[in-house]
Amino acid sequence: MSRIAATFARLGAQGRLGLIAYLTVGYPRLDATPALVEAAAESGADAIELGIPFSDPLADGRTIQAASQQALKGGVTVGRALEAASAARKKTEVPLLFMTYLNPILAFGLERFCRAATDAGVDGLIVPDLPPPESVDLRRAADASHIDLVFFVAPTSTETGIVAACRAATGFIYCIAVTGVTGARPELDPALLPLIETVRRHTNLPIVVGFGISRVEHLKALEGKADGVIVASALLDAIARAPEDPAGQVRRFLSDLRRPAAG
């Protein structure tokens with residue numbers, strides 16, 4: 001059983017909503033990433049999503065774009081992201097996933113990238129601009145390297161699109177909470193819960209909600225509905241408020257987010 005499957009099996013047995021923390025590799029500094037992963041895992045994150053910065057992040061909002069630009073200016077490459085993941089793996093056993101766009105993977109080489117990700121201790125891969133019908137080659141490379149490949153569904157997805165994502169995915173289904181790009185928001189979209197119900201009809205995989213998740217109230221609203229949530233922009237915003245102490249910010253933010261929701 002993969003780390004991702006084992007984690008969601010444990011969470012399900014405990015009746016607990018999983019919390020996945022998103023960190024941009026190299027933000028606020030490349031050397032900080034492994035320590036931030038460790039801080040997140042020790043502060044309630046059940047898995048970590050590591051964003052490999054890309055110059056044209058179509059699905060990302062202002063916060064993640066700014067973090068990615070800073071990381072790119074700091075010299076982050078796919079190779080350095082792999083090194084950071086390898087260093088992070090030495091500090092925790094929680095699942096690690098890469099989030100990146102298709103072009104960096106193609107430039108690195110599909111098979112080479114998947115093998116290197118496995119060697120670095122990465123368990124899953126999220127590629128926002130890869131639709132399921134075009135994923136055959138990456139799916140083959142990921143399967144060969146025992147890496148889960150996660151796909152998105154959104155409130156705007158057709159039932160045909162949802163079925164395609166459910167058939168192509170392993171690990172979990174990434175359920176987009178809002179229409180649009182990433183970014184912290186005050187309320188959940190009313191179309192989210194019906195979307196989760198639709199996805200449930202087509203898969204036994206865990207359903208994880210992301211985009212706009214930022215508050216304790218969001219987690220409470222999704223308990224018993226989704227299997228996990230991804231917190232991204234709100235966590236990066238917290239780091240940006242005190243970039244001289246990013247690990248402390250990660251610990252405070254995730255501890256505050258997790259404690260009431262688990263209580």
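The values are calculated or read from the model by the stated rules, or taken from the named source; none is laboratory data. This is a predicted model, so every value here is computed, not measured. Cβ: placed from backbone, ideal geometry, glycine included. Neighbour counts: every protein chain shown. Please note that ligands, DNA and RNA were not included when accessible areas were found on the heavy atoms of the full protein model with its side chains. Shrake-Rupley method; radii C 1.70, N 1.55, O 1.52, S 1.80 Å.
All told, Leu130 meets the bar of being assigned to a loop (DSSP other than H, G, I, E, B) and either in contact with a helix residue (DSSP H, G or I) (Cβ under 7 Å, 6 or more places away or on another chain) or charged (D, E, K, R) (or both). Checked against the criteria, Tyr22 counts as among the hydroxyl-bearing types (Ser, Thr, Tyr), buried (at least 22 other Cβ atoms within 10 Å of the Cβ), at negative phi and assigned to a strand (DSSP E or B).
The set of residues in region 209-260 being modelled with pLDDT of 95 or more, open to solvent by less than 10 Å² (accessible area, probe 1.4 Å) and either in a strand (DSSP E or B) or out of contact with any helix residue (DSSP H, G or I) (no Cβ under 9 Å at 6 or more places or on another chain) (or both) consists of Val209, Gly228, Val229, Ile230, Val231.
Taken over region 122-147, the criterion of being open to solvent by less than 20 Å² (accessible area, probe 1.4 Å) and either of a type in the set (Val, Ile, Thr) or more than 13 Å from Tyr174 (Cβ to Cβ) (or both) is satisfied by Val122, Asp123, Ile126, Val127, Ser135, Leu138, Ala141, Ala142, Ser145, Ile147. Of everything in region 58-90 that is touching a residue at least 60 places away in the same chain (Cβ under 8 Å) and assigned to a loop (DSSP other than H, G, I, E, B), the residue that is surrounded by the fewest Cβ atoms within 10 Å (Cβ to Cβ) is Leu58.
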